[in-house]
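Input: a single structure, listed below in structure tokens.
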4 protein chains.
Amino acid sequence: MSYVSFHTDRPTDFVAIGRLCIDLNANEINRPMEETMTFTKYVGGSPANISIGMSRLGQKTAFIGKVANDQMGRFIVDYLKRNNIETSNVVTDQTGAVTGLAFTEIKSPADCSILMYRDQVADLLLEPSEVQEELIARSKMLLISGTALAKSPSREAVFLALQYAKKHGTVVAFDIDYRPYTWTSESETAVYYNLAAEKCDIIIGTREEFDTMERFESNAEHADQVTAKKWFDYSAKIVVIKHGKEGSIAYTQDGLSHQAQSFPAKVIKTFGAGDSYAAGFLYGVMQGWTLEKSMEYGSAAASIVISSHSCSDAMPTNPQIQKYMEQCRQGEIATS
Amino acid sequence: MSYVSFHTDRPTDFVAIGRLCIDLNANEINRPMEETMTFTKYVGGSPANISIGMSRLGQKTAFIGKVANDQMGRFIVDYLKRNNIETSNVVTDQTGAVTGLAFTEIKSPADCSILMYRDQVADLLLEPSEVQEELIARSKMLLISGTALAKSPSREAVFLALQYAKKHGTVVAFDIDYRPYTWTSESETAVYYNLAAEKCDIIIGTREEFDTMERFESNAEHADQVTAKKWFDYSAKIVVIKHGKEGSIAYTQDGLSHQAQSFPAKVIKTFGAGDSYAAGFLYGVMQGWTLEKSMEYGSAAASIVISSHSCSDAMPTNPQIQKYMEQCRQGEIATS
Amino acid sequence: MSYVSFHTDRPTDFVAIGRLCIDLNANEINRPMEETMTFTKYVGGSPANISIGMSRLGQKTAFIGKVANDQMGRFIVDYLKRNNIETSNVVTDQTGAVTGLAFTEIKSPADCSILMYRDQVADLLLEPSEVQEELIARSKMLLISGTALAKSPSREAVFLALQYAKKHGTVVAFDIDYRPYTWTSESETAVYYNLAAEKCDIIIGTREEFDTMERFESNAEHADQVTAKKWFDYSAKIVVIKHGKEGSIAYTQDGLSHQAQSFPAKVIKTFGAGDSYAAGFLYGVMQGWTLEKSMEYGSAAASIVISSHSCSDAMPTNPQIQKYMEQCRQGEIATS
Amino acid sequence: MSYVSFHTDRPTDFVAIGRLCIDLNANEINRPMEETMTFTKYVGGSPANISIGMSRLGQKTAFIGKVANDQMGRFIVDYLKRNNIETSNVVTDQTGAVTGLAFTEIKSPADCSILMYRDQVADLLLEPSEVQEELIARSKMLLISGTALAKSPSREAVFLALQYAKKHGTVVAFDIDYRPYTWTSESETAVYYNLAAEKCDIIIGTREEFDTMERFESNAEHADQVTAKKWFDYSAKIVVIKHGKEGSIAYTQDGLSHQAQSFPAKVIKTFGAGDSYAAGFLYGVMQGWTLEKSMEYGSAAASIVISSHSCSDAMPTNPQIQKYMEQCRQGEIATS
């Protein structure tokens, strides 16, 4: 059964709005960052990674965002283009803003952290008037990402994109992607996450992220069913709640819940797991696959990415995912 | 016919959230403010005025807001109390914020302006966590006012109040009250006004205010019917669009529009007309009167206030409105 | 003996740089401000008051400052002009800044306080490039006031004015006028007050103000002699340290200290005492009077102002001071 | 002849105050940064580099500064310690500030630029109260650097350090190091650079940097003699004005000027030239060498650093400088 239906006649499959930044990944890993001497540069940001993933999976993809008018910004736009992502709505900042940075620290596969540079970043300066209604109108799906809600005017740009999506019947997916450092307070987060989620067809987040959104509500036992039901009263068709190692569950309007197996991986780091999962899962949903099959595809994509040094660069193609799933079935890959 | 229904068994009739400030009204009027030497102090702010109006009309009234920890703030709380308004949810700021000021200039009855002090004001510092859900739950109607949406954290406090009202079935009235000086941009205004209005049962604004909200939409001819219809697709039951001297029209979900006569006045200044109109109109709606009768009551209240030196202090009682309407019918009052 | 010498051939006697604001004085006094219903508007700000005082005493006076582009700003400029103060270097802000406000509360003659509005005020936006070197070059004395050092760019404008004064041999007087609310920290205050005082010929402040400046120094016993000696190592010729009711002492480079009698007054409020004292004292110094006589003149001026409702408006003329001193000698005026 | 005399009995030779940051140097050079994929991490910041240089030259060295409470900050402190620099006055920020970053782009040896991250950096948050008077009191020389004057509270910390140096007779050297991106305006720069330079014994800057300081003065022909003379009227004993390829000139109070030969180099990039020059030159001055010999030593140190990939890491020791000078004399090194 298909829970969401798309305008299949539209020329663009997937458009994402939000953060475009630079990951600086430690080359010398399994140690504290103090001892890392060199870093490799990649495009980063959750919606950027998902877009790259969708494009690698053959979807016609576009991006709505803002980059700094510097070498980092130009690198990002160039990388998106080389990945066949339409950048007509990637605006260049003219105010002297910088590109957001994320230095990754990999002390061990299970102990990873990020050192963020998010002051005065270009991506949060996207203006509502810069969002192209026409692009959203010709896209089957719009992805929004939580970090873009953290500050004005980017926050307003996302709300306007949501209004355009509603007007034109574009399916909206929301990757909550909660990162405390850019928000003023948890109250602020809860308010805007709820206002955005009310307007979304597919909502994906961890249990902790949904808890953040329920700050002013009564769900003391953090029950997934309570969480999911709330959103079905608004626009949601699918609510995916991720429980880390215990796996993810997709809840649907018909009261059902859906689960899928996960895949082993020789883990290097945990970064990028959520983004590759989202790409694989949303790809499946767009193909009309069952939620179980879609989740499985997302899980395989995630296992590939966490076995690699980068996030964006490691986003897999269909043959890569299929081969990986096959290898796992053959028992050739075991969790490290 | 009744367009909105209230929880009539609730103990509190009316609660407003938003701006509490001080008006400093020129004593020497009909001249530029440069030549005014003395000013008289009054409580001000659109939702404050409407609350005072509702209380004078015999409604059990409460307020949700924040005042500075200074002489002005204490004066405001004291004035509300003296007007029988519950202040249990009027919080005192502890960060050194000031009370907003509005110096009025009355060059002539038709040429009035305001000099505003809105930097670092206490009313915009109301936190979501300070909004009492219990108060909204026991009130029949919640009034929100546009200026409280202009800045964080007051903006988030209003959105949380709207969420509580929805949860508890409290009828919400929205007085748009657009004042450019506290907003960062017109885009920001349009985005948040729309997000708020989607959740309101009764929306009251001028044609120009609705135009501001339609910044990213197509209503090139500024047609009232287009404006009203949009909101009926969300939560609205009544949309009142004010056209200045040409009078106001109330649109309702059933496709009807409603109008009422206005009253003459010996005008001193135009300030306070909208607030007294809102108080009179909402009072009528809460009594179950027809919209025509409610609008007439609001118009009479407005005529009384614009014939007076102050706004809050001049908010009329039922006997005053009835007497004024009677005098007008007798031809004893003519527009100056 | 004369401790400072002036370029007597210059056309302008006195120029002050700094704060121009509005005092809103309670009309109903001897009560908390909560109970004051009307306020009267006056020009205020320490250097403004001193300038008005100097002009009333017949000195050719000019002002360097910035006013808001509103009714309050225009009132200030007009008032200065009506008091024969040159306003060619009073710049009008174009950024939407407001005029600083000071609401006065007079609970009793001995219990006075001020409620300040100092956010985004025009006077602190004076730019270095707006300071007219030519005006300082043709003036005998420049007065700087501490509040103008509280924020950029006004702070830099004052330091540039000091550089111009040094270059052209203009005598500099510094009225410390420390008001905590506009400063970020006491450390910041101490640093800039010291940098400014190093370049001044005459320094006037209370014992507490000098203590603030000595935050990072060793003068544990708050000894006036230690304080004064420090400044004689820089540029100072006269250091006046005010001890409230115990009177003021002027220290001079030759190691002497100078004192004068004070005058009785029927005190209404304490505001303006320091400003009128400074005007009277500096006037005497400019006439070549002894410091004792100059201090006496300042004291008489102060007694007149604190017996009046306003500050600026009450600044006395020479005949008024002389008459007041004569009346005191005759025993016609006794402290209330 | 010796132009400055030091308290030779003090235990610490050299203490610097100011910027501590991270350089991220392009590994793949001679191309635009867009095409650089990996970066190597070094300690950076002009006063940090000079301190490292002084320590390498055998001077007992200390630092006054502030680092972020993160991996970058800990790396900086560790690196200073490993270079025998006392870090008792290197404070760790507790407000969530970040470490300043400088990504270097080396398009060619003659075409180098820097991409800076200077928002909310820890080094500019040094508080006056955090400066240890005792450390300055026991040091022979204090070096201040212009970038630390760019913002409060670091600016005030530097001015307090200057006051301590004056009090204790510590010789002060000022490396102007003007970098426009951290300043609000050129007027602000000029004002504070002048206030600081007035209190310094040795001032080192480029002709363009001195021009910036003379923004409000008349030196239309940018004459070195005019520039130098101004500072001899304050505290300066030596003023070094750098003219790029045309070499540097040291002016002294006695009216003399001093020059020295420069050395060839196989240039990789221009970064670090000024810092290594300052270290070599100040080292010579502290040894009591002639200015000519000191300048020569600085020039040789600079040639070594610009022939290397890093700045801080390449700061030479005495044997390295002596060997380099000898090699140049032998004609073994020619400019690339």
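General remarks:
- The local environment of B:HIS243, defined by Cβ-Cβ distances under 9 Å, has a net charge of +1 under the rule Lys, Arg +1 and Asp, Glu -1.
- For chain C, the dipole from Cβ point charges (+1 on Lys and Arg, -1 on Asp and Glu) about the Cα centre works out to 700 debye, to the nearest 20.
- Taken about its Cα centre, the stretch A:12-149 carries a charge dipole of roughly 440 debye when the Cβ of each Lys and Arg holds +1 and the Cβ of each Asp and Glu holds -1.
- Chain A: C-alpha gyration tensor shape, a/c 1.5 cut-off, then a/b vs b/c: rounded
- For the protein assembly as shown, the Rg and Dmax computed from alpha carbons only, in angstrom: 35.7, 115
- Here the sum of -39500 (n - 2.57) over DSSP H runs of 4 or more residues, divided by the residues of the protein assembly as shown, equals -10500 deg cm²/dmol at 222 nm, to the nearest 500.
- For C:CYS21, distant residues with modelled amide H under 5 Å away: C:GLY44, C:GLY45
- Within 10 Å of each Cβ in D:27-34, the average number of Cβ atoms from other chains: 3
- Once both labels are positioned 7 Å from their Cα atoms along Cα-to-Cβ, the gap between D:GLU221 and A:GLN259 label points is 8.8 nm.
- Of all DSSP beta bridges confined to chain B, the antiparallel ones make up roughly 40%.
- Debye intensity ratio in log₁₀ form over the Cα atoms of the stretch D:156-290, taken at each q of 0.09, 0.14 Å⁻¹: -0.27, -0.68
- Listed by number, the DSSP H helices of chain B that run 20 Å or longer by alpha-carbon position along their axis and have mean Kyte hydropathy of at least -0.5 are B:154-168, B:273-287, B:291-306.
- Cross-link pairs beyond the 18 Å C-alpha cut-off, checked among A:LYS230/B:LYS229; C:LYS229/D:LYS140; A:LYS199/A:LYS230; C:LYS140/C:LYS323; D:LYS107/D:LYS266: A:LYS230/B:LYS229; C:LYS229/D:LYS140; C:LYS140/C:LYS323
- Inter-chain neighbour count for C:39-47: the average number of beta-carbon atoms from partner chains within 10 Å of each residue's beta-carbon is 2.
- Separation of the stretch C:119-182 and the stretch D:83-135, taken as the distance between their Cα centroids, equals 32 angstrom.
- In the stretch B:245-328, chymotrypsin sites (Phe, Trp or Tyr not before Pro) in a DSSP loop with at most 16 other beta-carbon atoms within 10 Å: B:TRP289
- Cα extents of the stretch D:196-251 along the three principal axes, largest first (Å): 29, 22, 17
- Among beta bridges identified by DSSP and lying wholly in the protein assembly as shown, the antiparallel ones come to about 40 percent.
- Label-point separation, C:ARG82 to C:THR8 (7 Å along Cα→Cβ), nm: 3.6 nm
- If R0 is 41 Å, the Cβ-Cβ spacing of A:LYS166 and A:SER108 corresponds to a FRET efficiency of close to 0.35.
- Per-q log10 I(q)/I(0), the stretch C:1-74, q = 0.13, 0.18 Å⁻¹ (Debye; single scatterer per alpha-carbon; no solvent): -0.57, -0.85
- Neighbourhood charge, 14 Å Cβ-Cβ cut-off, centred on C:ILE333 and excluding it, Lys, Arg +1 and Asp, Glu -1: +1
- Nonlocal amide H pairs with C:LYS266, under 5 Å, H built at 1.01 Å: C:SER336
- Peptide-level mean, for B:152-162, of C-beta atoms on other protein chains within 10 Å: 4
- Cβ-defined net charge surrounding B:TYR79, 12 Å radius [Lys, Arg +1; Asp, Glu -1]: -1
- Separation between Cα centres of the stretch A:293-326 and the stretch D:299-320, rounded to whole Å: 47 Å
- Chain C, rotation onto D, residue closest to that axis via Cβ, with its distance in Å: C:LEU195, 3
- Dipole magnitude for the stretch A:122-257: about 300 debye, using +1 per Lys or Arg Cβ and -1 per Asp or Glu Cβ, origin at the Cα centre.
- Take every DSSP beta bridge whose two residues both sit in the stretch D:4-98; close to 40 percent of them are antiparallel.
- 14 Å cut-off, amide nitrogen to a point 7 angstrom out along A:TYR234 Cα→Cβ, residues in the stretch A:184-208: A:189-205
- Taking the C-alpha atoms of the stretch C:80-136, convex hull volume expressed per residue in Å³: 145 Å³
- Copy-to-copy label distances for B:SER257, where each label lies 7 Å from Cα along Cα-to-Cβ, are 5.2, 8.3, 8.3 nm in order of increasing length.
- For chain A, with +1 on Lys and Arg beta carbons and -1 on Asp and Glu, the positive-most of A:HIS258, A:THR290, A:THR147 along the dipole: A:THR290
- Between the beta carbons of C:THR95 and A:ARG329, assuming R0 = 56 Å, the FRET efficiency works out to 0.25 to the nearest 0.05.
- Sites listed here are GluC sites (Glu not before Pro) in the stretch C:271-335 whose DSSP assignment is loop and whose Cβ has at most 16 other Cβ atoms within 10 Å: C:GLU332.
- In the full protein context, the stretch A:154-231 carries 33 Å² of accessible surface per residue, based on a 1.4 Å probe and ignoring ligands, DNA and RNA.
- For the stretch A:1-127, alpha-carbon Rg over 2.2 N^0.38 Å: 1.19
- Nearest-first distances (nm) between copies at A:MET37, label 7 Å from Cα via Cβ: 2.0, 8.0, 8.1
- Each label point was placed 7 Å from the Cα along the Cα-to-Cβ direction; for C:THR290 and A:GLN320 their separation is 9.5 nm.
The values are calculated or read from the model by the stated rules, or taken from the named source; none is laboratory data. Model, not experiment: these values are computed from the prediction. We place every Cβ from the backbone using ideal geometry, glycine too, and count neighbours over all the protein chains shown. For accessibility, only protein heavy atoms count, side chains too; no ligands or nucleic acids. Shrake-Rupley method; radii C 1.70, N 1.55, O 1.52, S 1.80 Å.
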